Amino acid sequence: MNLLGVDTGGTFTDFVLLCAQGLRIHKVPSSPAAPEEAILRGMEELGLQELAAKGELVIVHGSTVATNAVLEGKGARTAFVTNKGFADLLALGRQARADLYNLTPERGGSPVPADLCVEVALRRDHLGMALEPLTDAALDALEHKLMRIKPESVAVSLLFSFVASEDEQRIAERLRAAGFNVCCSHEVLPEYREYERGIATWLNARLGPLVGRYLRALQSALSPAPLRVMQSNGGTLSGSQAAERAVNLLLSGPAGGLAAARHWAEQLGIERMLSFDMGGTSTDVALVTSPPTLTTEARIAGWPVAVPMVDIHTIGAGGGSIAGLDAGGALLVGPESAGAFPGPACYGKGGRYPTVTDANAVLGRLPAATRLGGDLELDLEAARAAVATLAASMQLDLEAAALGIVQIADERMARAVRQISVGRGLDPQGMTLCCFGGAGGLHVCSLADRLGISRALIPLHAGVLSAFGMLVAPMEVHRSRTHIRPLEGLSGAEVQQLLEPLERSARSELIAAGANAAALQVRACLELRYTGQSHTLTLHELEPQHAAAGFHQAHRNRFGHDLALPIELVTLRLSAQDPAPSIRLAPWAPAAVDPKPPCKVHGIKQPVPILDRTSLACHQRVEGPAIITEAVSTTWVAPGWSAQVHDQGQVLLERTQ
């Protein structure tokens, strides 16, 4: 079976095809208003229509539709249904301030307007016992209210639905019979913390119609070729199943890049790695671990997203990030981006504002002969004109202004890497920096220098690595449920009994998506805390006595101490996956390529050699300064660094001075 990985980014849509002949790669400009148009255009340019029509092609897609909708405030008009007296639940949120020392913080808006918050008369206690039963009269009143306000979607989130979901099920049955699109919290996030559960349910209900329409339209255009979609947790699901879990797609594309970085770390035997993915619009950084580190504390557009997501930190600094001056005349880079259209000035599509890519072109690190995305000719004069406008405002010469833009971008990215390494007590020195994305190779040496890192990896086809990651990601689903009870006195058999329905549900969903039932791998973990604490630590030990000892040790490792307090079980989590087929590339063989003349680079006295990556021999060593070009990315090997080709085509960078 042929596999096609597709990653839709803000600037380019990337394609990696795995077929009998090996890997083929391709890029086309994204079409943000209709992402499927770029996908279909790229498939046509790759000549894949016949394979798709025969059902001999599986498409694995990383989508930005859900993320963009949240960032842009788009989605279905959604009603929020909850218990009587709790209509203001999402408006109140949490009391924690984003800025600790800001005494007059601005109040953010409520996610759901007051006229769309609907109460229903019922109540259960923390054990799931009915205090005020749900009556037919209450259901009638609820249906009448919703008929009057006519929402496009309905989110139902009741107190303690993770203990007893019967009331949500009855409400959903009634409302679906009346023609409403309904999303229930016990299906999205059956966990405690009613605010976070409510937000996740609201997001899923709000994004569901939009994501569903997009995926159904894409699947229809691709039929009969099957469509799988990358989830935020690093695994894939079928397109139809993903449409029901829109909130699980919020880091779809970046999760692919992390999957690819993890794949190459395992292939090359690298134990400690940081990933650095610099695209056209943003930069994503993460710790590379196996299995991937997941978080339930991510935030998108200010909203908490408590569903499991790969632990990635994103900033608005990419190749297309626009540079400008703030009110005080200081140089800023991003978060605003030139996007795919018109893009950076050097794209020659009418862009007028200076971007990071334009600055690299002015400095000579992105040579005039470069073909961006494989076939887009570089317009150096347009780049110089865009940067010149900013340089004049700063009273600097052209190259100094361009260097300032690059340095500001580098420092913003270094700060992001420090947050996920030094900020967690991990020293980046001694780690390997895995750099990818179309713009990453131009900044890898500078970023590594700022972090004290002496070794970096530029994977093969680094400019489309997230699309490659779609091919090596497993089919995977996650299940969780809160069961708050003392850990002491709980037996291993009881833990397994609590996990059994989660495993049954996960296996069923994967098999329905086409997974190989015999190959499924299941992992479970416990979230524990000391009695009285708010937050938990995760233990993969399922035997309660061993988990207790492990929790004390984990608490000491994390906080420097443990406590003589009882331990509580809070939440059980389980993942089931069907591993992706193993991909190992053929031994690297250089191609005969016409040599390029050296070019002038700012700050370097002698002309700098330009080397085509496909022409480099296995184990060939290149001393910096040098520029290594390929179809989908360019690498600047700075002075004091060297590059060597691995036997599968990966380029390893090492600091030599």
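Going by the conditions given, is GLY320 touching a Gly at 6+ places or on another chain (Cβ under 7 Å), crowded, with 20+ Cβ neighbours inside 10 Å and not polar (S, T, N, Q)?
On the way: touching a Gly at 6+ places or on another chain (Cβ under 7 Å): yes; crowded, with 20+ Cβ neighbours inside 10 Å: yes; not polar (S, T, N, Q): yes.
So GLY320 passes the test.
Determine which member of the set GLY438, GLY425, GLY452 is surrounded by fewer than 24 Cβ atoms within 10 Å (Cβ to Cβ) and either at pLDDT below 90 or under 20 Å from ASN557 (Cα atoms) (or both). So that I can check it myself, show each step before the final result.
Numbers: GLY438 fails: surrounded by fewer than 24 Cβ atoms within 10 Å (Cβ to Cβ); GLY452 fails: either at pLDDT below 90 or under 20 Å from ASN557 (Cα atoms) (or both).
That would be GLY425, the only listed residue that is surrounded by fewer than 24 Cβ atoms within 10 Å (Cβ to Cβ) and either at pLDDT below 90 or under 20 Å from ASN557 (Cα atoms) (or both).
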Filtering strands (runs of 3 or more DSSP E) wholly in region 272-343 for at least 3 residues that are more than 15 Å from the chain's Cα centre (by Cα) and over 22 Å from ARG573 (Cα atoms) gives 321-325, 331-337
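Matching residues to (1) surrounded by fewer than 19 Cβ atoms within 10 Å (Cβ to Cβ); (2) at pLDDT 85 or above:
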site	(1), (2)
LEU268	yes, yes
GLU271	yes, yes
GLU297	yes, yes
ALA340	no, no
GLY351	no, yes
Name the helices (runs of 4 or more DSSP H) wholly within region 58-150 that hold at least 1 residues that are farther than 28 Å from THR281 by Cα and touching a residue at least 40 places away in the same chain (Cβ under 8 Å)?
89-92, 136-149
Are there any pairs with C-beta distances below 9 angstrom linking a residue in region 511-527 that is more than 16 Å from ALA473 (Cα to Cα) and not assigned by TED's automatic domain parsing to the domain that holds GLU541 to a residue that is at pLDDT 95 or above and not aliphatic (A, V, I, L, M), with the two at least 6 apart or on different chains, and if so which?
none
Failed condition for VAL154, given (1) part of a helix (DSSP H, G or I); (2) of a type in the set (A, V, I, L, M); (3) under 21 Å from LEU249 (Cα atoms), with all others met?
(1)
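So that you can scan it fast, the table gives a plain yes or no per residue for (1) within 17 Å of GLY279 (Cα to Cα); (2) out of contact with any Pro (no Cβ under 8 Å at 6 or more places or on another chain):
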site	(1), (2)
ILE315	yes, no
ASP358	yes, no
ALA368	no, yes
ALA382	no, yes
ALA388	no, yes
GLN395	no, yes
LEU398	no, yes
ALA409	yes, yes
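Please determine, by comparing only the residues of region 609-628 that are among the polar types (S, T, N, Q) and modelled with pLDDT of 90 or more, which one is surrounded by the most Cβ atoms within 10 Å (Cβ to Cβ).
Within region 609-628, the first condition is being among the polar types (S, T, N, Q), and the residues that meet it are 614-615, 620.
Remaining after also requiring modelled with pLDDT of 90 or more: 615, 620.
Working: SER615: 16, GLN620: 14.
So the residue we want is SER615.
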Among the residues of region 578-595, is any assigned to a strand (DSSP E or B) and among the basic types (Lys, Arg)?
no
Taking ARG556 as the residue in question, decide whether it is of a type outside the set (Ser, Thr, Tyr) and within 29 Å of the chain's Cα centre (by Cα).
no
Do you know which of the residues in region 567-589 that are closer than 30 Å to HIS483 by Cα and hydroxyl-bearing (Ser, Thr, Tyr) is nearest to the chain's Cα centre (by Cα)?
SER575
Looking only at region 609-639, which residues are farther than 23 Å from THR357 by Cα and either in a loop (DSSP other than H, G, I, E, B) or touching a Ser or Thr at 6+ places or on another chain (Cβ under 8 Å) (or both)?
LEU616, ALA617, CYS618, HIS619, GLN620, ARG621, VAL622, GLU623
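The values are calculated or read from the model by the stated rules, or taken from the named source; none is laboratory data. Remember, predicted model here, so these are calculated numbers, not experimental data. Because the Cβ atoms are built from the backbone with ideal geometry, glycine has one as well, and the counts that use them run over all protein chains shown.
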